[in-house]
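One structure below.
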Amino acid sequence: MKSRKLTASEVSITLSEADIKTIPFNRTHDLPADEAALEAIGSGLEMRGRGMNIFVCGPSSAERTMITTTAAQKAAASAPKAPDLVLCASAGGGSEPVLLKLPSGTADKLSSDLENESEDDFVREWSPVIGPEITGLLKNLGSKDLNILVSNRNSAMPVIFENNPVPRRLFGRNSDKLSGVKAGSLIKSGGGILMLNADDLIVEEDSWHRLKRALRSGCSEIGGGQGDREEWKGLLLPEIEQDFKVVILGSEQHYDHFYNTDEDFRELFQFFAEFDSVIELTPETLSLSVNHFRTHAIDQHNRILTDSGALEVVKYSISTAENKTKMSTSLYDLDIIITEAAVAEETIDGRLIRDTIQRQANRFGLLEKRILEDMASGEINLKVEGSEIGKVNGLAIIDKGPYSFGFPGLISARIAPGESGLVNIEHEAGLSGEIHDKWVLILEGFLRSRFALEFPISIFASLCFEQSYSEIDGDSASSSELYALLSAISGIPIRQDIAVTGSLSQTGEIQAVGGLREKIEGFYKTCKALTYTGSQGVIVPEKNIKNIILPDEIVDEVEAGRFHIYPVSTVNDSMEILTGMEAGSRNSRGVFPHGTFNQQVEKSLKKLAQQAKSSGS
């Protein structure tokens with residue numbers, strides 16, 4: 001019976017400053033992102049026509065906006081030029097202006113020529129462009145009788161992000177005077193790309209319904225907002241036929257809302273792109289990320305990000321992704337670290353990045369600090385040394401804004417003869433979520449399948465998260481509850497200097513869970529606050545090894561053999577570590593070997609069944 005412990009290299013990131021030095025500096029505005037999502041956006045932007053609009057979703061508003069905007073601007077650079085739009089007064093000064101579509105970037109020249117050129121020169125130059133009839137009309141007018149609605153002199157294809165799509169901003173404003181007519185962002189984006197937030201469209205129902213009408217027909221009108229008294233007496237403006245391309249940015253929940261409640265949405269938004277919160281860590285994505293961080297430091301803050309500084313940002317990105325083979329796509333959060341560091345010094349090195357990350361954590365660290373103080377004072381009952389029967393240190397996570405931290409909690413089990421089965425005290429008190437309730441039932445299934453082959457399980461067993469006053473949910477404590485229960489049944493004490501996490505299957509396999517870094521760090525800090533013996537550690541699912549990325553301080557303790565991470569695959573693996581006994585497997589006769597832990601559990605369950613039967617007869 002020999003348990004495996006993870007090495008320092010298995011719980012840390014192996015990238016070094018030398019790896020960063022090999023990446024040549026390339027000032028870039030390309031962003032590391034999910035390739036499948038980028039391909040979907042690119043295809044959607046290339047295809048024009050009815051229904052060829054895009055919904056982009058992802059876990060972070062900042063990232064999906066940043067990446068989609070960059071993709072849209074790239075597409076705009078090689079796209080056909082969008083026309084300028086000009087309104088000119090009708091003959092005789094009537095209330096129906098004439099709409100002119102001019103080659104991109106020529107509207108301002110038209111206005112200037114009308115004002116400054118001779119009539120003959122004006123007619124000669126502009127008749128081939130706008131036709132002799134309109135030229136004849138214009139030569140009798142002045143530039144004051146023109147209203148340039150859209151001028152694309154600065155961009156071949158406009159890319160507009162409308163973050164306040166109220167009707168007046170999205171569709172413009174009519175007026176009884178030609179000069180008072182204003183185009184909205186939809187018309188300004190004609191031939192280009194209009195980007196909108198899903199949240200805003202859900203709130204602005206009138207804008208959403210009018211937008212759908214424009215996308216169906218390919219035409220939009222100026223103004224016409226509901227309840228706008230000033231527009232009742234406005235000019236009779238023509239509908240404007242344009243090639244619209246709309247990109248909506250939102251979450252999965254937003255997409256489900258539109259898809260399930262609005263049939264028009266399915267027809268009008270036929271492209272869908274979803275960004276993952278992580279990307280694969282490859283030489284290409286590493287190079288792209290490092291140069292993005294370097295470029296951000298120079299362009300936004302006029303600072304130099306050193307190789308050691310870039311390494312620390314990359315390590316934080318990998319740690320946030322909770323996987324040694326991936327990187328986080330939360331570029332906004334990573335850029336914020338560089339931004340904060342840039343305030344302190346002109347050169348941003350590794351030490352400065354580490355200090356900045358720690359400062360950010362400290363801002364949200366008050367609750368964690370209070371919990372550690374309560375554990376150290378004994379107000380929270382917890383032991384991190386010795387052995388106890390029916391008690392185990394489980395691990396939980398608390399989220400506070402962008403910051404998460406782990407901490408141990410005492411899980412206890414008590415048993416007696418009876419027929420009630422497992423009683424989940426949290427459930428009885430209304431503090432257990434549905435997922436946790438499910439795993440209590442799985443515990444019962446495990447006990448029956450492993451031990452009740454020849455007799456019924458006849459116990460009353462209570463499980464409790466001690467000193468917990470908020471809802472318990474999730475499955476990561478299911479293995480912890482089982483260990484406490486098996487200890488209580490067998491009467492065999494288990495180590496309190498080892499905390500445990502892992503999801504349990506009915507067959508006794510230990511399944512992967514999340515938040516390994518926070519959980520391990522939380523128990524380490526607790527041990528340091530109470531009594532640090534050098535024997536302490538954490539049992540984790542073996543399937544989570546790739547997700548374990550620990551702070552340098554804990555890595556050093558693992559390297560020195562003073563803190564231990566035990567990967568396990570089965571309940572038997574865990575119980576051998578926690579009890580120091582061989583777990584034992586059934587032999588060819590279906591019997592657990594004498595003196596093994598499982599043999600003691602089965603023996604105790606038989607005794608409980610006999611006691612329950614005797615008391616009932």
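The values are calculated or read from the model by the stated rules, or taken from the named source; none is laboratory data. Computed from a predicted structure; not experimentally measured. Glycine gets a Cβ as well: all are built from the backbone with ideal geometry, and neighbour counts include every protein chain shown. Just the protein is used for accessible areas: all its heavy atoms, side chains included, with ligands, DNA and RNA removed. Shrake-Rupley method; radii C 1.70, N 1.55, O 1.52, S 1.80 Å.
Key figures for this structure:
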quantity: Of Lys101/Lys188; Lys144/Lys177; Lys369/Lys400; Lys74/Lys182, pairs whose Cα-Cα distance is over 19 Å; calculated: Lys74/Lys182
quantity: In degrees, nearest ten, helix 331-344 long axis to first principal axis of the chain (Cα); calculated: 90
quantity: Folded to 0 to 90 degrees: helix 434-451 orientation relative to the chain principal axis, Cα; calculated: 40
quantity: Whichever aspartates and glutamates have a C-alpha closer than 20 Å to that of Lys109, once near sequence neighbours (fewer than 8 apart) are set aside; calculated: Asp84, Glu117, Glu119, Asp120, Asp121, Glu125, Glu133, Asp145
quantity: Sequence-separation-based contact order of region 1-105, relative, with Cα cut under 8 Å and 6+ spacing, percent; calculated: 17
quantity: With Cα atoms, 0 to 90° folded angle of helix 516-529 axis to the chain main axis; calculated: 50
quantity: Label-point separation, Ala512 to Glu466 (7 Å along Cα→Cβ), nm; calculated: 3.3
quantity: Correct choice for Kirkwood radius over Cα pairs in Å that was computed from the model, options (i) 31.0; (ii) 31.9; (iii) 29.4; calculated: (iii)
quantity: Separation between Cα centres of region 155-205 and region 48-110, rounded to whole Å; calculated: 10
quantity: Whole-number accessible area per residue in Å² for the chain, which is evaluated in the context of all protein chains at 1.4 Å; calculated: 46
quantity: Theoretical FRET efficiency, 1/(1+(r/R0)^6), r = Cβ-Cβ of Glu346 and Ser61, R0 35 Å, to 0.05; calculated: 0.65
quantity: Accessible-area composition of region 206-312, carbon plus sulfur, in percent [1.4 Å probe]; calculated: 45
quantity: Rounded FRET efficiency, nearest 0.05, which uses the C-beta distance separating Arg562 from Arg589 and R0 of 25 Å; calculated: 0.05
quantity: Spin-label proximity, Glu239 to region 202-224 - amide N less than 17 Å from point 7 Å beyond Cα toward beta carbon; calculated: 209-224
quantity: Label-point gap, in nm, between Gln270 and Gln253 - each point 7 angstrom along Cα→Cβ; calculated: 3.1
quantity: Förster-model FRET efficiency, 35 Å R0, Glu385 and Ser277, C-beta, rounded to 0.05; calculated: 0.35
quantity: Largest to smallest accessible area among Phe460, Phe171 [probe 1.4 Å]; calculated: Phe460, Phe171
quantity: Contour excess over end-to-end distance, with Cα ends at Leu453 and Leu441 and 0.36 nm allotted per residue; calculated: 2.5 nm
quantity: Loop-located trypsin sites (Lys or Arg not before Pro) in region 4-62 whose Cβ has at most 16 other Cβ within 10 Å (DSSP); calculated: Arg4, Lys5, Arg27, Arg48, Arg50
quantity: Accessible area of region 114-169 belonging to carbon and sulfur atoms, whole % at 1.4 Å probe; calculated: 43
